[in-house]
Amino acid sequence: MNAQPMFLRRLGPDPHANGARTVGCRGCPDIFELASGDFAVIGADITDTAGMLPPTASCGPDERIIRIPRKTLVLAKPDIPSKI
């Protein structure tokens, strides 16, 4: 995928809504839906420290393992489409 992703919408609430503060230094965890129907996640890159993945999982050289807080995903759940 070399094309620039087009961000359609944020899934879940804005992490800074109502003046909320996050623990991130320069940003905050977030989930976005892209125009392609795929999703983009902003979170901590834990690729180098994640340890062993389950036997049926792998992380390719062009992929990263990203950690987001449980709260971020749970609050986004109502916005996540239920159909493919």
Exercise. Restricting to the range 42-72, what's the tally of residues that are in contact with a strand residue (DSSP E or B) (Cβ under 7 Å, 6 or more places away or on another chain), open to solvent by 70 Å² or more (accessible area, probe 1.4 Å) and closer than 21 Å to residue 6 by Cα?
Worked result: 2
Problem set entry | Checklist (1) open to solvent by less than 80 Å² (accessible area, probe 1.4 Å); (2) not in a loop (DSSP other than H, G, I, E, B) applied to residue 78, failing item | (1)
Exercise. Mind checking which residues of the range 50-84 are within 26 Å of residue 28 (Cβ to Cβ) and of a type in the set (Lys, Arg)?
Worked result: 64, 67, 70, 71, 77
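The values are calculated or read from the model by the stated rules, or taken from the named source; none is laboratory data. On a predicted model such as this, the values are computed, not experimentally measured, just so you know. Positions of Cβ are generated from backbone atoms using ideal geometry, with glycine treated the same way; all protein chains shown enter the neighbour counts. When the accessible area is computed, the model is the full protein with side chains, heavy atoms only, and any ligands, DNA or RNA have been set aside. Shrake-Rupley method; radii C 1.70, N 1.55, O 1.52, S 1.80 Å.
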